Amino acid sequence: MKRLWIFPLLFFILLLGAFQFRWHDGPLHKDGDYWVVYRTDRWTGHTWFYRAHLAEGYAAPGGAGEGDQLSSVVETGRNDRGGTGTSPDIDLASSALNPANIPPPIFLAHFIPAVDELLLRERVAKALETDEKKQGLLEVHYKMEDIARIIQANQEGHFNYVQAEEDYRLRRSRRRPSAEEERAHLAWSEANEAYKSLEQELSRFYHQVRAENAQIIQEQVVLKTTVFTIVWFVLAFFSLLLTVHYFICDVKQVKRINETFEVIEYHTRKEKGRGEGSGFNLLI
């Protein structure tokens, strides 16, 4: 009996042990009325986070002051390479975090993948190098340059208008702003508003590109984690299946061997009985 079922059984036990030690909980960050709980996947090296609201009157664990703020998952700079731009961490196991203050249960579905800031910057830089994005940026920059020239050309007239208007309002002078100064002031004001609008448009453009790439990175992390989990499940299933298969084969083999021994023993006794019977007849 080879007992081949022992090997897949040992592999199945190793898989269970690997899954048991897959996730590492901690550290904690204070963010207003929330605790930000981090969880690291040891298999993929990615970090996930979950914002847990504290119950009223809950005292913060030692070492977590009110100044420990967390801007966002991207702005913190926390990444899969171990870097973080926030205050010192609090270990989840050693903290005084009351589980009653966190909405139970906390599953992986409640966690959000943390975005690697360095990887995000690389992706944003590459995205801005594409022809479509580059063309859009150039158009905005060209408009801003044209408007900047208008602002520069009318800046002196605008300042003169403001000074003359203020002097007339405070009765320091009886001279009203001239028509030329008023036209310069209007041109400068319109150009300034247009320049601010283009700055906001440019900021929204960068924010959109950044948000799109952050979403892509998070989806890739989720996909990678899911693939690792599926591979683990398949390996565990087939190892368990092989264990059961080989065990059943061994049981059947033992059963056949026992049946064979019983048949041999039966025929042996039968042949022995016949031999004794023939000797008895001869003696008679």
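Distance cut-off 24 Å, Cα to Cα: go down the list 134/196; 126/224; 133/224; 133/196 and report the pairs above it.
Pairs exceeding the cut-off: 133/224.
In whole angstrom, how far apart do the alpha carbon centroids of the stretch 5-52 and the stretch 218-253 sit?
So the two Cα centres are separated by 19 Å.
Work through the residues other than residue 152 whose Cβ is under 12 Å from its Cβ and net out their charges, Lys, Arg +1 and Asp, Glu -1.
-2
Values quoted throughout were computed directly from the atomic coordinates according to the rules given, and no laboratory measurement underlies them. Source: prediction; values computed, not measured. Counting neighbours? That spans all protein chains shown, and the Cβs are built from the backbone with ideal geometry, glycine included.
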